[in-house]
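The values are calculated or read from the model by the stated rules, or taken from the named source; none is laboratory data. Small disclaimer: the values here were computed from a predicted structure and weren't measured. Positions of Cβ are backbone-derived with ideal geometry, glycine not excepted, and every protein chain shown enters the neighbour counts. Accessible surface is based on the protein model in full, side chains and every heavy atom, while ligands, DNA and RNA are left aside. Shrake-Rupley method; radii C 1.70, N 1.55, O 1.52, S 1.80 Å.
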Amino acid sequence: MIIFYLVRHGEAENNVRSILNSLPETKTYSLTERGREQVSRDAEFLATVNADALFSSPIRRTKETAAIIAEATGLRVQFDERLCETNQGIFNERPHNELLQKYPNPTMRISPDVADGVESFIDMRGRLKSFLDDVKEKYEGKKVIVVSHGDPLEQLHGILTNEAPGVSAIGWSPKKGSCTEVVWER
């Protein structure tokens, strides 16, 4: 068993502007003041759970989120690219509604149009499962904080709760600056 605390980064500048931002991170977007406040509340709570590890996506908004949590918990941030935002392909740095026009139903991204270069939820799950394989080797019986993005957290939650990719894409969805506890009984 591992107890996970799934943290979505706080509100960031790209969220306010409704711009997609993934790797390669050609532009960086910081947390807004509201985002820092959201994360500060999570950090206060996480300081009480005695977590053993703190992992984060290396994208700026998650780095800033993890830094606030690290300060409150005393944990060292371990950055892991497998926790990055979904590769948005041709939609990276474009308005979010352009992606939604092409893929109005999130389940369509289980197998997106290859020409778009958008990462499929199946491929995303592959990298998240690889992350979990590494975590379970070292953190069995422990508590782990994971700071990431909406889509990866939906799919990670789905893996931890045995949901299929399509169910995860339309089921639980983390709000910006939220923290959700999930017990992984393997």
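Observations on the model:
- Subset of the stretch 82-99 [open to solvent by 50 Å² or more (accessible area, probe 1.4 Å) and within 15 Å of Gly150 (Cα to Cα)]: Arg82, Asn87, His96
- Restricting attention to the stretch 100-121 and to residues that are touching a Ser or Thr at 6+ places or on another chain (Cβ under 8 Å) and among the hydrophobic types (A, V, I, L, M, F, W, C), the residue that is surrounded by the fewest Cβ atoms within 10 Å (Cβ to Cβ) turns out to be Ile110.
- Selected residue (criterion: most open to solvent (accessible area, probe 1.4 Å)) from residues of the stretch 154-186 that are among the hydroxyl-bearing types (Ser, Thr, Tyr) and modelled with pLDDT of 95 or more: Thr161
- Scanning the stretch 101-114 for residues that are within 16 Å of the chain's Cα centre (by Cα) and among the aromatic types (Phe, Trp, Tyr) turns up nothing.
- Residue count for the stretch 15-65, restricted to those that are touching a strand residue (DSSP E or B) at 6+ places or on another chain (Cβ under 6 Å), open to solvent by less than 20 Å² (accessible area, probe 1.4 Å) and free of Cβ contacts under 8 Å to residues at least 40 places away in the same chain: 2
- So Ile145, is it open to solvent by 50 Å² or more (accessible area, probe 1.4 Å) and aliphatic (A, V, I, L, M): no
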